[in-house]
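Data block below; observations after.
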Amino acid sequence: MKLILDFFPILLFFGAFKFYDIYVATGVLMAGTVLQMGIIWLMQRRLQPMQKATLVLILLFGTLTLVLHDDRFIKWKPTVLYGAMSIALAVAVWGFRKNFLKMLLGEQLDLPAPVWGRLNVAWIVYCFFMAVLNGYVAATFSTEAWVNFKLWGYVFPVVFLVAQGFYISPHLKSDEPAA
């Protein structure tokens, strides 16, 4: 259910683009994201900071795309989001000595401090990479190629998250009592 909910807006966006155009797809993405966040809020009674940022950016860049009839805005939304995440994580850890990743996930994962530090750096690099990659595709390829990249480009976060799972699994404490 969560996986369907996570991909719901992007699948609607892709379908609307294939049958109509980028402007209809943008409106569908905006409505789908509002619906998605409403369902998440109903289920959890809260939205994570990342979910709030995504919603605000989709609504802001989507509105600019529709009002100005310029698809560049929606195409640059992921670059802005990933770039902001990379900068925020980097400033927090290197400027303020705070690990936002640990602050966000520390209740769910009990990991040693060096592991949290390496995970944070991995997220900084990953977000920077994704910002640059999306910016490159948005600036140099057609809108149709960018939409296809958005759909099939989800391989990058999947690979990144699976690699993280393999990395942290040896550091996770077992819930089973020692024999």
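The values are calculated or read from the model by the stated rules, or taken from the named source; none is laboratory data. A quick note: this is a predicted structure, and the numbers were derived from the prediction, not measured. FYI the Cβ positions are ideal-geometry reconstructions off the backbone, even for glycines, and counts take in every protein chain you see.
Per-residue answers, yes or no, for (1) more than 29 Å from Thr140 (Cβ to Cβ); (2) not small (Gly, Ala, Ser):
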residue	(1), (2)
Leu57	no, yes
Lys77	no, yes
Val80	no, yes
Gly95	yes, no
Phe100	yes, yes
- [ ] Look at Met85 and say whether it is under 21 Å from Ala138 (Cα atoms) and under 17 Å from the mean Cα position of the chain (by Cα).
- [x] yes
TODO: Hey, can you tell me all the residues within the range 12-33 that are within 15 Å of the chain's Cα centre (by Cα) and within 14 Å of Val147 (Cα to Cα)?
DONE: Leu29
- [ ] From Ala53, Ala31, Ala16, grab the single residue that is touching a residue at least 24 places away in the same chain (Cβ under 8 Å) and in a helix (DSSP H, G or I).
- [x] Ala53
TODO: Taking the residues in the range 90-121 that are part of a loop (DSSP other than H, G, I, E, B) and touching a residue at least 40 places away in the same chain (Cβ under 8 Å) as candidates, determine which candidate is surrounded by the most Cβ atoms within 10 Å (Cβ to Cβ).
DONE: Leu111
- [ ] Please name all residue pairs, on different chains or six or more residues apart, with Cβ atoms under 7 Å, provided the first residue is in the range 131-155 and is closer than 17 Å to Asp70 by Cβ and the second residue is part of a loop (DSSP other than H, G, I, E, B) and at pLDDT 95 or above.
- [x] Thr143/Asp71
TODO: Scan (1) within 25 Å of Asp21 (Cβ to Cβ); (2) surrounded by 15 or more Cβ atoms within 10 Å (Cβ to Cβ) for the single condition Glu144 breaks and write down its number.
DONE: (2)
- [ ] Mind listing whichever residues of the range 132-179 are assigned to a loop (DSSP other than H, G, I, E, B) and modelled with pLDDT of 85 or more?
- [x] Phe141, Ser142
Open item on the list: Pull out all pairs, ordered by first then second residue, where Cβ-Cβ is under 6 Å, the residues are six or more apart or on different chains, the first lies in the range 62-89 and is under 30 Å from Ala122 (Cβ atoms), and the second is assigned to a helix (DSSP H, G or I) and among the aromatic types (Phe, Trp, Tyr).
Closed with: Phe73/Phe61; Ile74/Phe61; Lys75/Trp146; Lys77/Phe61; Ser86/Phe128; Leu89/Phe100; Leu89/Trp123
Open item on the list: For the range 7-37, give me the residue count where each residue is over 15 Å from Ile58 (Cα atoms) and of a type in the set (Val, Ile, Thr).
Closed with: 0
Task: Output for the range 35-59, where each listed residue is aliphatic (A, V, I, L, M) and loosely packed, with under 14 Cβ neighbours inside 10 Å - done: Ile39, Leu42, Met43, Met50, Val56
